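To keep things clear, I will list the structure first and then write my remarks on it.
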Amino acid sequence: MTDTEKVPEKEDAGASTSGRVLRKAGRFEHFFDVRSRLNLTGYVVVCARYTHASGTPLSKSILFAALENAIRNNIVLAARFAPASGDAGVWVTLPRVDLNRVVKFVDKDRADLPALLEELFAQPVDFSEDMPQWRLVVLRDGMVVFAYDHTVGDGQSGSAFHHNLLASLRSVHDSPSEHSGIVSSLPQDATLTPALEDAIDTTAPFSKLARLAVESAFPFIDRKKGKAWSGHPLQRPPTVITRVRLLEYTPNQASNLRKVSRDHKATLTSTIHTLALVILSRLIYAQPANKKYKHIHTYIPMSIRRFTGAPPSAICNHVAPYNVYHALFRPAPGPTISEETFPWDRAAALTAALKRKLPGSPRQIGQLKYLSGKYKEYLVDQLRKHGLEVSNLGAFPEPPTKEGDDIQWRIDEMFFVQADATLGGAVKVNPIGNAAGGLGISITWGEGAVDDEFAQEFVKAFDEGLRTLAQ
């Protein structure tokens, strides 16, 4: 796709800058905003199921009281992005947040979650001037679905939201009276977490820029591109329809997975990535038309909060990409996956590469400067570039407690899910560790990116393989 007019852009409902300006938006934030307004991506979601020691349900009054506290301590939840021309834009405060419009209670439970998420992802992100760029859906069993535009924060920002909400719930000691749902008179001295380029040097070296210029002018230099699998050709017009499957693993299984990975000089991320590559290779080569493929371009977001100083409670976009071609397994491994037959050398090599590339990864974001605000044209050129994405949020940042604290509210389950049907990889695997020590994994694919039968076989084989490694 080269005709940018074929990508319908949403009306710029947020162009007005009424409200207190919190700070100038970063280029990365503006980049994510353009993605959303082009309908190339939808909500990012982190789900958590809240339980009380006494069995007390998560009522509207209790939740609203906790949410008000979380909003007052995180002004980004009461802010919106106001774009301008080029790569400009600002974050401005809302005069108030109406939780009655932001939060929706539904008569569903965990079993309904995949279908609920698919329905949510099919809806466009709401850029209304009087609304924040996040929504909350609450299920009857205490599952809280935090859905937010990527402009607001990266994947770990979803964990940060639940970190703040859990801390707020634990501070509500008495059952609050009925809450109006209106949060106003917001703190006037509140500030946002600094934009990525304000928190760390993102300057791209000249050698990198020169290489990109050459590759752009002479695309045939990338000889692997034509032999890299990335699913079916793009749908026209682009779609946000996303299929969702959820997998759960016990604390014991998650612990075993981390241990067996460490024993082989790998990490959970590289083990999951390698397992996904094994399964995809098998499925790709099972189809005669795919014999031409030799590689798959994969994408792994890396958190750089350790360099920017952003705490686990921060809602921000402090992440950088690592993407590279990986050779498909040819001939594909047999049907049995075990610790003995697993390609640990590939997993260990990926672990070493991620560790090596992480310190310099902010330079990838620095390249946005040289697009001169032409994000739309760039994004159209990047559609369905990757075949696989693995985005691991890591362990949940449990709020600190003091010795002797009577902990009543807990989080039992968590899932991280992304609506990135067109721009993202054909298949996406999203792990997150929950507060109980278990592991939740979502597997998603865009409508038409791969056949549903292909994807279902991937989910089944991936689950079986991971459970085998977790024994």
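Pairs linking a residue in the range 327-353 that is of a type in the set (Ser, Thr, Tyr) to a residue that is modelled with pLDDT of 95 or more and in a loop (DSSP other than H, G, I, E, B), with Cβ atoms under 8 Å and 6 or more positions apart or on different chains, are Thr351/Lys265; Thr351/Ala266; Thr351/Thr267. In summary, helices (runs of 4 or more DSSP H) completely within the range 41-122 and bearing 3 or more residues that are of a type in the set (A, V, I, L, M) and in contact (Cβ under 8 Å) with a residue 40 or more places away in the chain occur at 60-73, 113-121. Evaluate the following for Gly158: is it part of a helix (DSSP H, G or I), open to solvent by less than 30 Å² (accessible area, probe 1.4 Å) and not β-branched (Val, Ile, Thr)? Yes. Evaluated against (1) touching a Pro at 6+ places or on another chain (Cβ under 6 Å); (2) open to solvent by 10 Å² or more (accessible area, probe 1.4 Å), Asp109 falls short on exactly one condition, (1). Can you name the residue in the range 296-353 that is among the β-branched types (Val, Ile, Thr) and in a loop (DSSP other than H, G, I, E, B) and is also modelled with the lowest pLDDT among such residues? Once the filter is applied, the top-ranked residue is Thr336.
Only one entry of Ala190, Ala199 meets the criterion of being in contact with a strand residue (DSSP E or B) (Cβ under 9 Å, 6 or more places away or on another chain) and open to solvent by less than 40 Å² (accessible area, probe 1.4 Å), and that entry is Ala190. With the condition kept exactly as written, say whether any residue in the range 410-419 is in contact (Cβ under 8 Å) with a residue 40 or more places away in the chain, small (Gly, Ala, Ser) and within 24 Å of Ala314 (Cα to Cα). So far as the range 410-419 goes, yes, one or more of its residues are in contact (Cβ under 8 Å) with a residue 40 or more places away in the chain, small (Gly, Ala, Ser) and within 24 Å of Ala314 (Cα to Cα).
Quick grid of which residues meet (1) among the small types (Gly, Ala, Ser); (2) in a strand (DSSP E or B); (3) surrounded by fewer than 23 Cβ atoms within 10 Å (Cβ to Cβ); (4) modelled with pLDDT under 85:
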| residue | (1), (2), (3), (4) |
| --- | --- |
| Leu368 | no, no, yes, yes |
| Ile407 | no, no, yes, no |
| Val429 | no, yes, no, no |
| Ala436 | yes, no, yes, no |
| Gly440 | yes, yes, no, no |
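If you filter the range 230-246 down to residues that are of a type outside the set (Lys, Arg) and surrounded by fewer than 21 Cβ atoms within 10 Å (Cβ to Cβ), you find that the one that is modelled with the highest pLDDT is Leu246.
The values are calculated or read from the model by the stated rules, or taken from the named source; none is laboratory data. Not measured: the values here are computed from a predicted model. Glycine gets a Cβ as well: all are built from the backbone with ideal geometry, and neighbour counts include every protein chain shown. Accessible surface is based on the protein model in full, side chains and every heavy atom, while ligands, DNA and RNA are left aside. Shrake-Rupley method; radii C 1.70, N 1.55, O 1.52, S 1.80 Å.
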